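Here's the structure, in structure tokens; my notes come after.
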Amino acid sequence: MDTLRIATTLSKKEIDRAIWIDIEMRKADTIPALSGWMIDKEYHVAVHDELLIEAAEEKKIQFIDPVIHFEKLLDLAKKEDRVIVAYSTHDYKFIKPLSKLLSLELNERYVSANYSKWFKKNIPELYNKAQEKQKNKPKEKRSLKKNSGYTLGLKDFLKLDEIGYLQRKNVGVGGAATSIGQVRERAINDSSLSKGEKARWTRLWTYLEHDVRGLAQLTEFVVNYIK
């Protein structure tokens with residue numbers, strides 16, 4: 001794996017001008033099914049899988065070829081001296097192989113913003129609070145537990161009052177994998193989404209937006225703490 005810059009090294013100016021991204025896909029996928037991104041506080045979404053086009057068009061969401069999309073973001077980052085920030089190396093792992101250009105140059109602009117270890121070391125009281133919230137969830141909804149505790153993700157920190165994310169109660173409501181699978185199956189079978197499937201498809205887009213906007217706020221919180 002390439003050595004990537006970590007978000008705790010970002011300056012306030014870099015945060016203000018960053019390109020924030022998040023991709024969603026099913027576990028077996030090799031190409032992002034859809035993504036959200038934010039530049040200068042303007043949020044955008046697109047699907048990258050042709051099987052999702054019809055359902056996306058009903059919500060006025062565009063289709064963009066994934067290679068064109070991520071190469072365009074990289075080009076913007078280079079021309080305007082911006083960084084591309086995602087929560088972890090997961091997004092990088094699937095975007096990099098999309099083209100030769102991305103394979104060669106994405107690492108120069110990509111920043112990984114996974115803060116779990118940082119919170120454990122620097123603000124252990126918040127890390128422990130997030131751990132306790134995981135512990136208090138129903139067993140089937142808890143994250144993976146290791147010897148060091150539960151695996152904590154972006155949503156675990158955004159739900160903490162101290163982070164100040166205004167819509168923290170709505171963070172993590174919905175999900176992507178199930179909905180993507182349902183929409184694909186309906187497209188293949190040329191059938192309509194059920195009422196429940198439509199509701200899940202709608203929640204997916206809210207879920208994605210919180211991931212992108214929340215990552216920007218969490219990064220600002222961390223960097224302000226460091227400075």
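A short reminder: the numbers here are calculations on the coordinates, not readings from a lab. Quick caveat: nothing in here was measured; it's all calculated off a predicted structure. Here Cβ is always computed from backbone atoms with ideal geometry, including for glycine, and neighbour counts include all displayed protein chains.
One table, with the values for the structure above:
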read-out: Cα pair distances in the chain, grouped into 10 Å bins until the bin that holds the longest one, percent each; value: 7, 31, 35, 22, 4, 0
read-out: Assigned charges on the beta-carbon of Lys, Arg, Asp, Glu; the chain dipole about Cα centre (debye); value: 1200 debye
read-out: Label point 7 Å beyond Cα of His90 along Cβ direction - residues of segment 1-41 with amide nitrogen under 18 Å; value: 7, 20-38
read-out: Two-decimal log10 I(q)/I(0) for segment 98-220, as the Debye equation yields it once each C-alpha is a single scatterer, q = 0.09, 0.11, 0.13 Å⁻¹; value: -0.36, -0.53, -0.71
read-out: Rounded Å value of the spacing that divides the Cα centres of segment 1-30 and segment 85-149; value: 10 Å
read-out: 30 Å Cα-Cα reach of Lys60 towards lysines, excluding residues that sit fewer than 8 places from it in its own chain; value: Lys27, Lys41, Lys72, Lys78, Lys79, Lys93, Lys96, Lys155, Lys159, Lys169, Lys195, Lys198
read-out: Pairwise label distance in nanometres, Lys100 with Ile53, each label 7 Å out on the Cα-Cβ vector; value: 2.7 nm
read-out: Residue (of Tyr127, Thr151, Pro138) at the positive-pole extreme of segment 75-227, dipole from beta-carbon charges; value: Pro138
read-out: Value of D in µm² per second that Stokes-Einstein yields for segment 1-94, Kirkwood Rh from Cα pairs, at 37 °C (0.692 mPa s); value: 230 µm²/s
read-out: DSSP bridge orientation in the chain - percent antiparallel, rounded to nearest 5; value: 60 percent
read-out: Point-to-point label distance, Lys121-Lys141, nm (Cα→Cβ direction, 7 Å offset); value: 3.2 nm
read-out: Gaussian network model of the chain, springs between alpha carbon atoms under 10 Å - residue of Asp156, Asp190, Asp91 with greatest fluctuation; value: Asp190
read-out: Selection of GluC sites (Glu not before Pro), segment 1-78, meeting DSSP coil and at most 12 other Cβ within 10 Å; value: Glu58
read-out: Sequence-distant residues sharing a close amide H with Phe63 (under 5 Å, placed H); value: Val47
